[in-house]
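Inspection log for the structure reproduced underneath, given as structure tokens.
The values are calculated or read from the model by the stated rules, or taken from the named source; none is laboratory data. Keep in mind the model is a prediction, meaning the values are calculated, not measured. We place every Cβ from the backbone using ideal geometry, glycine too, and count neighbours over all the protein chains shown.
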Amino acid sequence: MSLNMLDIVIIAIVFLLGTKGILNGLIKESLNFIGLIGGIYLASRFNLGIGEFIGSNFLGMTNKAGFELVGFISIFAIFWFSVLLLTPIAVGFSKEKITQKVDRYAGYGVAIVRYFIILGTIMVVINNSQVLREKFSSYSKDSFFFPILSEVGSVLLNIENRKNNAQLEANSTIKEENATMENNISIR
């Protein structure tokens, strides 16, 4: 295993940001993890339906991309803020039950995983943007962690399923257009 400069930067970022977990402790970091990652996970899967409801009923939108964005932000924000509201209660109940050393080290571990996953979602965004991918390709070409982070982010953001759905929609549209053309030809 050889690490390039991007890998070293990734490791440094994850471990430095993970130090916040030492301060927060296990329970708070775990709930932060659930709020952020769970919010992204849920929002990436259910954003269209919620976005259509909010966009068409309250915002007067008709654009699918707008529906997806509104749905994603709404689901993510509601889930994340709900978990944040529960955090002080959970921390209060568990403060005496966990030794301070275990609490801090476990919090550090959870924070490292959380930031690793967050970097994975960022890598997916970079990978899916042609401009960013071209600028970033020289750094990510021989990276050990970039493909791992990209795969983690793709799973979290439901990228493969979205691509399959887009392909199915495109195929359905083509079939409908072909059927319309065949009907027009047979009518003549």
Candidates D142, D103 - the one that is part of a helix (DSSP H, G or I) and acidic (D, E) | D103
Mind checking which residues of the range 4-26 are in a helix (DSSP H, G or I), over 11 Å from Y108 (Cα atoms) and touching a residue at least 12 places away in the same chain (Cβ under 8 Å)?
-> M5, L6, D7, I10, I11, I13
Hey, any hits in the range 52-61 for a residue that's part of a helix (DSSP H, G or I), within 13 Å of the chain's Cα centre (by Cα), assigned by TED's automatic domain parsing to the domain that holds V110 and surrounded by 14 or more Cβ atoms within 10 Å (Cβ to Cβ)?
-> no
Residues of the range 129-152 being touching a residue at least 60 places away in the same chain (Cβ under 8 Å) and not charged (D, E, K, R), in sequence order, are Y139, S140, S143, F144, F145, F146, L149
Among the residues of the range 16-32, write down those that are crowded, with 20+ Cβ neighbours inside 10 Å and under 10 Å from Y115 (Cβ atoms).
-> G18, G21
Which listed residue is modelled with pLDDT of 80 or more and more than 13 Å from the chain's Cα centre (by Cα), from I112, I118, I98 = I112
Total residues in the range 103-128, condition without any contact (Cβ under 8 Å) to a residue 40 or more places away in the chain and either within 18 Å of L3 (Cβ to Cβ) or crowded, with 17+ Cβ neighbours inside 10 Å (or both) = 5
Look at the range 121-139 and say how many of its residues are assigned to a helix (DSSP H, G or I), within 20 Å of the chain's Cα centre (by Cα) and not hydrophobic (A, V, I, L, M, F, W, C).
-> 5
Taking the range 62-77 only, how many residues are exposed (fewer than 14 other Cβ atoms within 10 Å of the Cβ) and more than 23 Å from L17 (Cβ to Cβ)?
-> 4
Filter result for I37 (in contact (Cβ under 8 Å) with a residue 40 or more places away in the chain, surrounded by fewer than 17 Cβ atoms within 10 Å (Cβ to Cβ) and not polar (S, T, N, Q)) | no
